[in-house]
Amino acid sequence: MKSLATTAGGLAGSAAVRKPSRALCAAIFIIAMIAVCVFVPLLLPWTDTQVDIVNRHLPPGWGVHPAGTDELGRDMLARLMVAGRISLSLGVAAMAMSMCIGVSLGLLAGFYGGRIGNAIMRMVDVALCFPNVFLMLTLSALLQPSVVTLIVLIACTSWMEIARVVQAQVASLKEREFALAATSVGCSDAHLIFKVLLPNTMPTILVAATLNVAHAILAESYVSFLGYGVQPPTPSWGNMLNQAQGYLDSAPWMAILPGALITLTVLSFHFLGEGVLDLFDVRSRKR
């Protein structure tokens with residue numbers, strides 16, 4: 001029994017080590033990706049729109065273009081990095097907007113409950129009835145495509161889950177001793193919401209925010225892939241995949257490179273979210 005317990009403890013310890021290391025690797029990758037997307041285009045001899053007509057469809061690793069060229073002879077590395085700026089900035093901006101909407105409504109619904117809470121949560125239920133993909137595509141087809149429009153569309157179709165999670169968390173926290181004590185000494189509703197309850201929901205909000213960036217990057221990718229998102233000549237990882245559809249046989253790197261960056265970036269944000277969740281779980285267990 002002792003050896004079995006020792007083995008179980010060792011396995012648990014190794015699992016606890018693996019998760020933080022995976023989250024750390026994800027964080028390093030995200031920071032490195034941001035730095036590369038910001039600075040590498042400034043160091044390259046080619047811009048993302050400059051055409052090298054002689055070297056069209058140049059494979060990666062050949063000639064003066066390390067990541068190859070596309071159908072017009074544009075440098076793939078420059079386009080990937082500039083597209084990364086667009087996709088990452090769009091993901092973070094859409095996350096920030098959706099978090100503002102979802103957290104605000106979740107706080108109000110969880111704190112007040114009753115008619116106010118029911119009205120807000122029924123609105124959330126109605127919004128969740130519509131599939132996000134089809135709703136975004138429909139609205140994108142009706143509106144003028146642009147980066148700002150896409151940010152607003154993604155934010156307006158991704159705040160509902162956040163509101164539901166925050167509402168449940170706040171409804172539970174307001175019955176705790178510290179919240180009841182603050183109420184008993186006459187604290188105002190604003191003080192209770194923003195000084196007492198909101199700080200205690202921050203672990204949940206941080207995890208949701210991390211995962212929401214991944215969702216926003218994916219949403220931008222498939223909307224742009226279908227032609228309703230970021231419009232050429234402005235590159236994004238999604239519209240680079242769209243433009244690569246006709247060249248999968250002759251120039252597969254045009255699809256493989258942006259697809260790999262989307263996959264790695266989204267996985268990194270998911271691993272980072274898991275790491276943040278594990279970190280706060282460990283702290284709560286220590287308490």
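The values are calculated or read from the model by the stated rules, or taken from the named source; none is laboratory data. In this text the structure is predicted, and so the values were computed from the model without any measurement. Backbone-built Cβ (ideal geometry, glycine too); neighbour counts: all protein chains shown.
Numbers below:
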{"read-out": "Residue satisfying all of: in region 69-81; assigned to a loop (DSSP other than H, G, I, E, B) and in contact with a strand residue (DSSP E or B) (Cβ under 6 Å, 6 or more places away or on another chain); farthest from residue 233 (Cα to Cα) among these", "value": "73"}
{"read-out": "Residues (within 19 Å of residue 251 (Cα to Cα), of a type in the set (Val, Ile, Thr) and not in a loop (DSSP other than H, G, I, E, B)) located in region 37-68", "value": "51, 53, 54"}
{"read-out": "Single residue of region 50-63 satisfying the filter (in contact with a strand residue (DSSP E or B) (Cβ under 9 Å, 6 or more places away or on another chain) and over 16 Å from residue 244 (Cα atoms)) that is modelled with the lowest pLDDT", "value": "63"}
{"read-out": "Condition check for residue 90: over 19 Å from the mean Cα position of the chain (by Cα) and in a helix (DSSP H, G or I)", "value": "no"}
{"read-out": "Selected residue (only one of 250, 221, 188, 184 is closer than 20 Å to residue 60 by Cβ and of a type in the set (S, T, N, Q))", "value": "250"}
{"read-out": "Identity of the residue in region 83-107, surrounded by fewer than 20 Cβ atoms within 10 Å (Cβ to Cβ) and hydrophobic (A, V, I, L, M, F, W, C), that ends up nearest to residue 199 (Cα to Cα)", "value": "100"}
{"read-out": "Residue in region 194-229 that is surrounded by the fewest Cβ atoms within 10 Å (Cβ to Cβ), counting only those that are modelled with pLDDT under 85 and in a helix (DSSP H, G or I)", "value": "222"}
{"read-out": "Filtered residues of region 157-193 (kept if in contact with a Ser or Thr (Cβ under 8 Å, 6 or more places away or on another chain) and part of a helix (DSSP H, G or I))", "value": "162, 165, 166, 169, 170, 173, 192"}
